[in-house]
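Novice: So that we are looking at the same thing, I have put the structure below in structure tokens.
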Amino acid sequence: MKARSQPTEERQVESGRAPRQSMLQAFRQDHHMIELVTRPHRSNLIRFAAEHPDLLVLGADLTASCEADGFRDQYPERFFSFGMAEQNMLGFAAGLAREGFFPYIHTFSVFITRRPFDQLAMSIAYPNLPVRMIGFLPGITTPGGVTHQAIDDIALLRAVPNMTILEAGDATEVESVLAVAQTIDGPVYVRQLRGEVPRLFPADQPLRLGQARHLGQGTDLAIISAGICTEEAINAVAALRSRGVSVSHLHVSTLKPFDDPQLLEQIAKARHGAISIENHSIIGGLGSAIAEQLAEQGIGKRLIRLGLRDTYAHGASKPYLMREYGLDAAALIRAAETLIGESLQIDDIALAKIAANIRTEAQGETLAKADKTEDL
Amino acid sequence: MNAQPLQTGQQATSAQPPSPSPSPSPLTVEAVAAGIRRRVLEHTLRNNGGYLSQACSSAEILATLYLRVMRLGPSIAPLIPRAFAGVPSRDNPNAFTGAGYNGPRASELDRFIFSPVHYALVLYALLIELGRLGPDALEAFNTDGSTVELIGAEHSPGHELTAGSLGQALSQAGGIALARRLRGETGRVWVFMSDGEFQEGQTWEAFAALAHHRIGNLGVYIDANAQQCDGPMTDVMTIEPLADRLRAFGAEVHEVDGHDSEALAAPALARLSGSGAGTGATPRAVTATAPTPQHQAEPAPTDRPLVVIARTDPCRGIELLRERAPKLHYLRFKTPAEQDAYEDLLEHWQDSSSQ
Ligand SMILES: Cc1ncc(C[n+]2csc(CCOP(=O)(O)OP(=O)(O)O)c2C)c(N)n1
């Protein structure tokens, strides 16, 4: 225990070990029950398009799967179908953008970043064209298997000059990310969420370019999360706090440019170091971006990067893959224990209880069902 | 590489002796196709949705390939599929492919390359009907940690390539066919494709290369169901006139009723019996004047890839599906009543399959 900070109000001063009950209390102090929003992108795209008459949507035979069907039906003259031919679609987008339109490409992340990478780099990024690439099913958020899992998209696109990379972590960000993308003079890639999306952040606090959300203060550890991993991190932080660990938690939605000073400030203050967690390979994504900054600024803190550890994945359910590849709250607890150097006695049951408090059982079932029945 | 010494202009494929059809089987294409539809319906219901129309359109094509066209040895893989053993890597000696379900590799045996892997359930069902997979193999379908995935990958039964980024398998099959020719093998490479894959530019790059390199030991069966995710292909991005386009790319093209196993098998059997282009072959237009010297001679008919465009009905055998037209790609039950109707169909399957 000597390595820890002063007790916080959540901490059980005597034992340093909270019973499960107070773990939930700690959690409840910070969070309300989380609302699930159904297909926020679908409705937001229609709304957003109404304000932007020069916005076009380009699809590659995944229109409903990428929630662009509502837009297509509302604005058929602004929707263009390219079939399953992504390289060509990116070229058309480049041509349209050179002529002053704002093409919003809708397909799965892998089919934006892998298949047509050269077209993306040379036709779109080099001339700095305002093409907005809305990529769905980022990381392992698909049971479609390795061919559908964009685990390297951030790494690939961070290496592309002129590129801006945004990632939605909840319904509020899904609804506000287009407005941010539209302000950018150049290409933008968005890791977007579909289907039933939890609202973790208040609807009136939109995504802000280059600004991480500071979800909690603390001086023992800094946890930096992005995308779907933020919900896991919220669970883990609640569990850690109940064990008296003082955690600073930041949620990142701008992956490039990556220059929010808050991140380094919080990591510098974290006595034991930092943990990053991302729905992506640990190479080239959020964790790498943090590591680069720490090294450049000479901040000598340990950093544990959670994410896919230089491996491809396979087809399975999202919770299974998050556990298998260590993208969940349990993996964060293990990393925290490694940094702190002691066991925190937080078991799966305790974590599950916290998670269940975020999402009711009923929500869990809806999600499981939706996961299985969603188009690929 | 242990390839045999090469001969320039080697024509292993045309040099092969006429070979017998696959060993006679008590199974008929019709019965196997009906079994595929029933199993795919059953597991689509269990899975609360899925790729059902693909079974309707492709059942006869795949059954014909396995029963009448391809020369495959018996399965060398377990009846109950192995669990996922990790992704291929230097450090993972346990990784495997699902190719063993299509028999051993041998010079004279064919290879099967399954390209539109969202049809995986159709292939699994077929393998069960053929006894290459056990009847319980689908218990693991789309469950965590299983290789019997919703969208197949190279570890999935009957699969050899990771083809879910569509339009990539044909080029790889071309490489395999080229390698087999270089080694002097007589077996062929058969590729099953969906029509949506003909929207990807790579497919056409592959056909250009197949023609250029005179790869005649490769045949492609296309499930031309005219459907894709967004609906009818003519609305999304047409690929027609497909036969003419493919002929222009140098393939030997046959267009057949994709539910008629005789018609499906005929072009392949004609090739196998060494009768070359056979019926329906369309030689490239040859002008009256002799070819100019700098052009290579026209390839022999057997040096061209064989293509069978199987025109299919995406609702064949499951009339209920027509109510969902024009969007048939993925069945997601809209109401409990709809789901009940499909449950009902499954319960009374005997009746419906004999329509
Ligand atoms: C390169 C690539 N782009 C997009 C997809 C997503 N996708 C899966 S199936 C499909 C098209 C479906 O059409 P088709 O291949 O003809 O299959 P069918 O409609 O017969 O199921 C698409 C676009 C993919 N798997 N690969």
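Novice: Would you be able to tell me the number of residues in segment B:96-126 that are basic (K, R) and more than 20 Å from B:I61 (Cβ to Cβ)?
Specialist: Looking only at that region, the number is 1.
Novice: Please tell me if B:L133 is more than 14 Å from chain A (Cβ to nearest Cβ), assigned to a loop (DSSP other than H, G, I, E, B), surrounded by 21 or more Cβ atoms within 10 Å (Cβ to Cβ) and at pLDDT 95 or above.
Specialist: So B:L133 fits the description; yes.
Novice: Criterion first (under 28 Å from B:A251 (Cα atoms), more than 14 Å from chain A (Cβ to nearest Cβ) and either aromatic (F, W, Y) or without any contact (Cβ under 8 Å) to a residue 40 or more places away in the chain (or both)) does B:R111 satisfy it?
Specialist: So B:R111 does not fit the description; no.
Novice: With the checklist (1) within 16 Å of the ligand (Cβ to nearest atom); (2) in contact (Cβ under 8 Å) with a residue 60 or more places away in the chain; (3) of a type outside the set (A, V, I, L, M, F, W, C); (4) within 14 Å of another protein chain (Cβ to nearest Cβ) in hand, flag the one item A:G195 doesn't pass.
Specialist: Among (1) within 16 Å of the ligand (Cβ to nearest atom); (2) in contact (Cβ under 8 Å) with a residue 60 or more places away in the chain; (3) of a type outside the set (A, V, I, L, M, F, W, C); (4) within 14 Å of another protein chain (Cβ to nearest Cβ), A:G195 violates only (1).
Novice: Looking only at segment A:55-69, decide whether some residue is more than 13 Å from the ligand (Cβ to nearest atom), part of a loop (DSSP other than H, G, I, E, B), without any contact (Cβ under 8 Å) to a residue 60 or more places away in the chain and farther than 21 Å from B:Q227 by Cβ.
Specialist: no
Novice: Listed residues B:A106, B:A177; which is small (G, A, S) and surrounded by 24 or more Cβ atoms within 10 Å (Cβ to Cβ)?
Specialist: Exactly one residue qualifies, and that residue is B:A177.
Novice: How many residues does segment A:72-86 contain that are assigned to a helix (DSSP H, G or I), of a type outside the set (D, E) and within 14 Å of chain B (Cβ to nearest Cβ)?
Specialist: 2
Novice: So which of A:T164, A:T183 ends up being more than 12 Å from the chain's Cα centre (by Cα) and open to solvent by 30 Å² or more (accessible area, probe 1.4 Å)?
Specialist: Answer to the selection: A:T183.
Novice: Go through the residues of segment B:160-175 one by one and say whether even a single one is part of a loop (DSSP other than H, G, I, E, B), over 23 Å from A:G83 (Cβ atoms) and more than 16 Å from the ligand (Cβ to nearest atom).
Specialist: Yes: one or more hits.
Novice: Something else about it: Residues in segment B:82-105: is at least one closer than 30 Å to B:L246 by Cα, part of a loop (DSSP other than H, G, I, E, B) and more than 16 Å from the ligand (Cβ to nearest atom)?
Specialist: yes
Novice: From the list B:T147, B:T203, B:T186, which residue is over 17 Å from the mean Cα position of the chain (by Cα), among the hydroxyl-bearing types (S, T, Y) and crowded, with 22+ Cβ neighbours inside 10 Å?
Specialist: B:T147
Novice: For segment B:52-72, name all the residues that are within 16 Å of the ligand (Cβ to nearest atom) and open to solvent by less than 10 Å² (accessible area, probe 1.4 Å).
Specialist: B:L52, B:S53, B:Q54, B:A55, B:C56, B:S57, B:S58, B:A59, B:I61, B:L62 - these are the residues of segment B:52-72 that are within 16 Å of the ligand (Cβ to nearest atom) and open to solvent by less than 10 Å² (accessible area, probe 1.4 Å).
Novice: A further question on this structure: Quick one: B:Y124 ticks every box in (1) under 17 Å from the mean Cα position of the chain (by Cα); (2) within 13 Å of chain A (Cβ to nearest Cβ); (3) open to solvent by less than 10 Å² (accessible area, probe 1.4 Å) bar one, so which box is it?
Specialist: For B:Y124, the exception is condition (2).
Novice: Another question, then. Could you grab me the full set of residues in segment A:258-300 that are in a strand (DSSP E or B), open to solvent by less than 10 Å² (accessible area, probe 1.4 Å) and small (G, A, S)?
Specialist: A:G273, A:A274, A:S276
Novice: Which pairs do you get when a residue that is on the phi > 0 side of the Ramachandran plot, found in segment A:98-113, comes within reach of a residue that is open to solvent by 40 Å² or more (accessible area, probe 1.4 Å) and more than 16 Å from the ligand (Cβ to nearest atom), reach meaning Cβ atoms under 8 angstrom, with the pair 6+ apart or on two chains?
Specialist: Close Cβ pairs satisfying both conditions: A:G100/A:D54.
Novice: A follow-up question, please. Return yes when B:V189 is touching a Lys or Arg at 6+ places or on another chain (Cβ under 6 Å) and of a type in the set (A, V, I, L, M) and no when it is not.
Specialist: yes
Novice: When only residues in segment A:114-132 that are away from the ligand (no atom under 16 Å from the Cβ) and without any contact (Cβ under 8 Å) to a residue 40 or more places away in the chain count, which is least open to solvent (accessible area, probe 1.4 Å)?
Specialist: So the residue we want is A:A121.
Residue-by-condition table, conditions (1) over 30 Å from B:G86 (Cα atoms); (2) within 14 Å of chain A (Cβ to nearest Cβ):
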residue: B:E160; (1), (2): no, no
residue: B:S165; (1), (2): no, yes
residue: B:E200; (1), (2): no, yes
residue: B:A211; (1), (2): yes, no
residue: B:Q227; (1), (2): yes, yes
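Novice: Being of a type in the set (D, E), within 16 Å of the ligand (Cβ to nearest atom), in contact with a strand residue (DSSP E or B) (Cβ under 8 Å, 6 or more places away or on another chain) and open to solvent by 10 Å² or more (accessible area, probe 1.4 Å) is the filter here, so list the residues in segment B:206-259 that pass it.
Specialist: B:D230, B:D235
The values are calculated or read from the model by the stated rules, or taken from the named source; none is laboratory data. In this text, all values refer to a predicted model and were calculated from it rather than measured experimentally. Heads up, the Cβs are rebuilt from the backbone with ideal geometry, glycines too, and the neighbour counts pull from every protein chain shown. Ligands, DNA and RNA are excluded from the accessible area calculation, which covers all protein heavy atoms including side chains. Shrake-Rupley method; radii C 1.70, N 1.55, O 1.52, S 1.80 Å.
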